[in-house]
Amino acid sequence: MRVIAKSTLKKFWEEPTYNDAQGAIESWYEEAIKAHWRSPQDVKAQYGNASICGNNRVVFNIARNKYRLIVEIQYQAGIVWIKFIGTHAQYDKIKVENINEY
């Protein structure tokens with residue numbers, strides 16, 4: 001998959017408050033760019049705890065569920081757009097289907 005944009009993820013983990021997320025985010029990124037997700041079922045097969053949401057959104061738990069990563073996946077095009085990464089408290093304040101922060 002093509003992940004847009006790694007710079008968004010890097011910007012997040014470079015914040016001193018969130019630097020503990022770097023390893024987990026980099027692992028997710030490496031797995032995502034090697035993936036061939038053609039459907040939400042493919043994502044669930046690889047990430048059983050991922051939440052499939054409306055508007056082609058998927059929520060991943062990062063760093064043992066400390067952070068949440070929301071992406072939009074265009075399966076046919078093979079593109080994953082980063083829409084949000086943050087803490088659970090930040091995640092609780094947004095609507096997954098509508099977030100378009102990044």
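Look at the alpha carbon pairs under 8 Å that are at least 6 residues apart: their mean separation over the length of the chain gives a relative contact order of 26 percent.
Of the residues ALA24, VAL71, GLN90, the one whose Cα sits farthest toward the positive end of the charge dipole of the chain, with +1 on the Cβ of Lys and Arg and -1 on the Cβ of Asp and Glu, is VAL71. Taken about its Cα centre, the chain carries a charge dipole of about 160 debye when Lys and Arg each add +1 at the Cβ and Asp and Glu each add -1 at the Cβ.
Could you order peptides 75-82, 90-97 by the average number of other Cβ atoms within 10 Å of their residues, highest first? Kindly include the intermediate steps, with their values, before the conclusion.
Numbers: 75-82: 15.2, 90-97: 12.6.
The densest-packed peptide leads the list: 75-82, 90-97.
For region 8-22, backbone nitrogen atoms closer than 11 Å to the point 7 Å from ASP92 Cα along Cα-to-C-beta are found at no residue.
Largest GNM mean-square fluctuation among ALA35, ALA21, ALA89, using the chain with Cα springs under 10 Å: ALA89. Between [x] 2, 9, 8, 9, 9, 9, 7, 6, 5, 5, 5, 5, 4, 4, 4, 3, 3, 2, 1, 0, 0; [y] 2, 12, 19, 22, 18, 14, 8, 4, 1, 0, 0; [z] 2, 13, 26, 28, 21, 8, 1, 0, which entry matches P(r) over Cα pairs in 5 Å bins from 0, in percent as derived from the coordinates of this structure? The value computed from this structure is option [z]. Each of HIS88, HIS36 has its accessible area taken with a 1.4 Å probe; listed largest first, they run HIS36, HIS88.
Quick one: helix 22-34 against the long Cα principal axis of the chain, what's the angle to the nearest 10°, folded into 0 to 90? Computed tilt is about 10 degrees.
Coupling constants for region 78-84 follow from the phi torsions by the Karplus curve (6.51 cos²θ - 1.76 cosθ + 1.60, θ = phi - 60°), and in residue order they are x, 10, 10, 9, 6, 10, 6 Hz; glycine and proline get x.
What GluC sites (Glu not before Pro) does region 13-86 have in DSSP loop regions with at most 16 other beta carbons within 10 Å?
Numbers: sites: GLU14, GLU26, GLU30, GLU31, GLU72; in loops: GLU14.
Answer in residue order: GLU14.
Rounded to whole numbers, the Karplus 3J(HN,Hα) couplings from phi for region 45-55 are 5, 8, 10, x, 9, 5, 9, 8, 10, x, 6 Hz, using 6.51 cos²θ - 1.76 cosθ + 1.60 with θ = phi - 60°, and x at Gly and Pro.
The values are calculated or read from the model by the stated rules, or taken from the named source; none is laboratory data. Keep in mind it's a predicted model, so treat the numbers as computed, not measured. Positions of Cβ are backbone-derived with ideal geometry, glycine not excepted, and every protein chain shown enters the neighbour counts. Surface areas here come from the heavy atoms of the whole protein model, side chains and all, with no ligands, DNA or RNA. Shrake-Rupley method; radii C 1.70, N 1.55, O 1.52, S 1.80 Å.
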